[in-house]
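The values are calculated or read from the model by the stated rules, or taken from the named source; none is laboratory data. Computed from a predicted structure; not experimentally measured. FYI the Cβ positions are ideal-geometry reconstructions off the backbone, even for glycines, and counts take in every protein chain you see.
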Amino acid sequence: MTVDLSQFIPSFLEESFEGLELMESSLLNLEAGDNETIHSIFRAAHSIKGGAGTFGFDVVTEFTHLVETLLDEMRDGRREVSPKDIEILLTSVDCMRILIEAARDEADYDKEKIAQTTAQLSETLANKDTSDNVNTEQVPQNSNNLIDKSGSNNLSIYKIHFVPEHNLAKTGNDPLFLFNALADLGELTIVANTSELPALTDIDPQELYLSWDISLKTSASVEDIHEVFEWVEDECLLEITQTTIQSQAEPEQTPDLEQTQASTTAENKEIIAVQPAITQEPPAVVAEETATNKPKGKAKAKAEVSSIRVGVDKVDNLINLVGELVITQSMLSELGSDFQMDKIERLTNGLEQLLQNTKELQESVMRIRMLPISFAFNRFPRLVHDLANKTGKEIELIIKGEQTELDKTVMEQIGDPLVHLVRNAVDHGIEQAEVRVANGKPEKGTISLDAYHQGGNIVIKISDDGGGINREKVFAKAVEKGIVEPNSTLTDAQVFDLLFEPGFSTADQVTDISGRGVGMDVVKRNIQSLGGRIQVESTVGKGSCFKVNLPLTLAILDGQLVKVGTETYIIPLISIVESLQVDNDLINKVSGDMTLYRLRDENVPILPVYQLFGLKSEFTKIDNALLVVVEADGQKVGLMVDHLLAQQQVVIKSLKDNYQQVIGISGATILGDGSVAMILDIPGMIQIALTYAQHKQQHRSAASHYEIGAPC
Amino acid sequence: MANVLVVDDSNSIRDMVSFTLKSAGYQTVEAKDGQEGLSKAQSGSFDLVISDVNMPIMDGITLCSELRKLSNFKFTPILMLTTESSTDMKMRGKAAGATGWLVKPFNPDKLLATIKRVVR
């Protein structure tokens, strides 16, 4: 029979990647003499090798075998753990990852890198100080042909003399099963030798006293027979002699099993009854053997299978909550079937309970998608280690709050931006040791990653104690690039925000700010697409801090409901700076349609929502209107709305999936009364407003041209 | 049908062994390390134990010698499932009372064929 194991590939892959992460982080923390850590690294490699072999990922098996051998030497204390070895092992982990990914996607991989690392590993292994010969252990190939029926067509007769040690049964072996296995190979004749039997009174029932002479007619090879006795070879006297060779063409003889039985004399029988393991059943031929070809577990696991492992406690909690919900439901339905006004209090209580249940259920379900941010942070020790090596700086990485939980989707997408920020901190934040010492700082630079919850958000801080960002240089660069006017006055925050301007990065390398902007616009865009924002704080000489604010989940959003005309819209709470009623004195009309509102020391453009969306509204006058000041891309705008309604959590439904993408709208939700409300996309709205204003401007200038031109 | 205790720290290997055995009609109980295996062994009766060697908390060799101390595991076949096919490891297994070993890569057909040498 063939068992299809391909269904286990995804779980093997998941486990392997976890194993690789464990290997990597353990290697980075490995200190001499820390045997437990080496053991756990070894175990991870070992499991990967075992699984890969099973699924026929032979390249992975072969490569991992080298890694395993090296680790084995370290584990047994035969090899000192040198920093160089650790580097090689780290590279090997990368290679294993490449190979496993390639196996998963059935894609090509960087053969050169693998070959290089393989060579390095072999070289390291060859250079070991002891002569202990573990290297010769062969990678188990797919030579699992228990019975190679196709191998030889010739029938042979083997004479097997089998004398087990008396305590064979104590290791759980049982001659009867061995004979069964032999019977699977061919025709079997067994003669028991009872001469060693002691007197009945002297018999220890847990010992074996018999020996056997076996004759086996089979097409199997002598190795196959040895394999049957593989586990007992050390505990018995075994002689196998091949006597006759017959061609397959000869007519089959009838198996003389009866003879086998008959030759077990009556004298033996009573003794056999005492033997714990041996019974009188004829050797049953049980199995169909198709072990000739290993089923290759080559399932198409191409599609990235996404799964979450959830702790049992979380699931239990859910079941518990659902139970409560059912109780509440039955209470309410009982109440409803025979409702009178005097029961109104019970109804209110019931509804309250329902609200509580739903809320808890929602939180618990969300928690299932939550993973500790250590999943995203895990790669940083390695990254910093490598970068520090490359740049020749000494850097310590401090990670805090790695247990802070975050939605899986958010986690997957925040990884790359974080890498970018950390890379920048190493590259451009931390100074070279000499510079640091000259500035009175410790030689070793520090980068810290910190994550914590704040309200409904998660805050991730990447800070370094490096040189900080030189405000003047950024400003000068921005002026040079034409991003800002030379005479404009900007706050620090606004200046640092310039780093995220597209194109800012492509600037020539300017010492301490260089590269700070490399791809930073992408970082910012990624964070924004997750509904988050990024802020920069920096002090020259002291260091910089990038603070990323992210919503905990992409499925639910804290929103402010507002009313415009007959429509209800939702503004993400995270983007709201403040809401206010317009003070008429602070309104500034500038060029044509643009209206600015003086908000303390800033001028905020007012965008009437009804105008942008072409709605009919009774509140078209700016005087005394309600303004929701929102911020996006460092730009504040005031959205003019009719009414402010409640604040509530809304479940985001994608417009793209259900309809199509609409500019200015990031999604929709269904409100309590069943109506659909749109969720406003603030950057998108600003975009619309800009286009709208430009359009008007052009229109007007075109019109004036015409007027000028007309008289001519 | 025979009841088999499967001990391995790797989820996927454990699942695969278990799945293979179940598909051949065996009953299985799973444990993720030697310690758990031992306590499950004490609370049930098994016809066969298949255990990995390298596991956290308690390794397979220790599990094996612990099991042999239990009266109802005195003759129970214990197979070590391992990639370590070195003689040294086999000797250590034998010394601890292991019946035999199954060399990974794990091959389901081979597994089923081999365990017939020790269990019905």
Selected residue [out of contact with any strand residue (DSSP E or B) (no Cβ under 8 Å at 6 or more places or on another chain), surrounded by 18 or more Cβ atoms within 10 Å (Cβ to Cβ) and farther than 30 Å from B:Thr20 by Cβ] from A:Leu20, A:Leu70: A:Leu70
Condition check for A:Ala646: in contact (Cβ under 8 Å) with a residue 12 or more places away in the chain and surrounded by 18 or more Cβ atoms within 10 Å (Cβ to Cβ): no
Number of positions in the range A:642-668 that are touching a Gly at 6+ places or on another chain (Cβ under 8 Å) and closer than 22 Å to A:Val628 by Cβ: 11
Failed item, numbered, when A:Ile214 is tested on (1) part of a strand (DSSP E or B); (2) without any contact (Cβ under 8 Å) to a residue 40 or more places away in the chain; (3) not basic (Lys, Arg): (2)
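Looking only at the range B:14-26, count every residue that is within 8 Å of chain A (Cβ to nearest Cβ) and either in contact with a strand residue (DSSP E or B) (Cβ under 7 Å, 6 or more places away or on another chain) or part of a loop (DSSP other than H, G, I, E, B) (or both) and tell me the total.
1
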Those residues of the range A:11-47 which are within 9 Å of another protein chain (Cβ to nearest Cβ) and not charged (D, E, K, R), in sequence order: A:Ser11, A:Phe12, A:Leu13, A:Ser16, A:Gly19, A:His39, A:Ser40, A:Phe42, A:His46, A:Ser47
Selected residue (only one of B:Thr62, B:Thr76 is modelled with pLDDT under 90 and either of a type outside the set (Gly, Ala, Ser) or over 27 Å from A:Ser40 (Cβ atoms) (or both)): B:Thr76
Strands (runs of 3 or more DSSP E) fully within the range A:619-666 counting 3 or more residues that are in contact with a Ser or Thr (Cβ under 8 Å, 6 or more places away or on another chain) and under 19 Å from A:Asn588 (Cβ atoms): A:626-632
Residue within the range B:75-94 that is more than 10 Å from chain A (Cβ to nearest Cβ), surrounded by 24 or more Cβ atoms within 10 Å (Cβ to Cβ) and over 15 Å from B:Val4 (Cα atoms) present: no
Filter result for the condition that a residue is of a type in the set (A, V, I, L, M, F, W, C) and over 19 Å from the mean Cα position of the chain (by Cα), over A:Phe17, A:Phe63: A:Phe63
Residues being of a type outside the set (Val, Ile, Thr) and crowded, with 17+ Cβ neighbours inside 10 Å - total across the range A:98-108: 4
Selection count, the range A:350-398, where residues are in a helix (DSSP H, G or I) and more than 26 Å from A:Asp316 (Cα to Cα): 15
The range A:676-691, residues that are in a helix (DSSP H, G or I) and either modelled with pLDDT of 85 or more or out of contact with any Leu (no Cβ under 6 Å at 6 or more places or on another chain) (or both): A:Ile682, A:Pro683, A:Gly684, A:Met685, A:Ile686, A:Gln687, A:Leu690, A:Thr691
Failed condition for B:Leu67, given (1) in contact with a Gly (Cβ under 8 Å, 6 or more places away or on another chain); (2) buried (at least 23 other Cβ atoms within 10 Å of the Cβ); (3) within 9 Å of chain A (Cβ to nearest Cβ); (4) without any contact (Cβ under 8 Å) to a residue 40 or more places away in the chain: (3)
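Pick out the one residue from A:Asp673, A:Asp642, A:Asp633 that is in contact with a helix residue (DSSP H, G or I) (Cβ under 9 Å, 6 or more places away or on another chain), at pLDDT 80 or above and among the acidic types (Asp, Glu).
On the way: A:Asp673 fails: in contact with a helix residue (DSSP H, G or I) (Cβ under 9 Å, 6 or more places away or on another chain); A:Asp633 fails: at pLDDT 80 or above.
Answer to the check: A:Asp642.
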The listed residue being under 24 Å from the mean Cα position of the chain (by Cα) and without any contact (Cβ under 8 Å) to a residue 60 or more places away in the chain, out of A:Val422, A:Val459, A:Val410: A:Val422
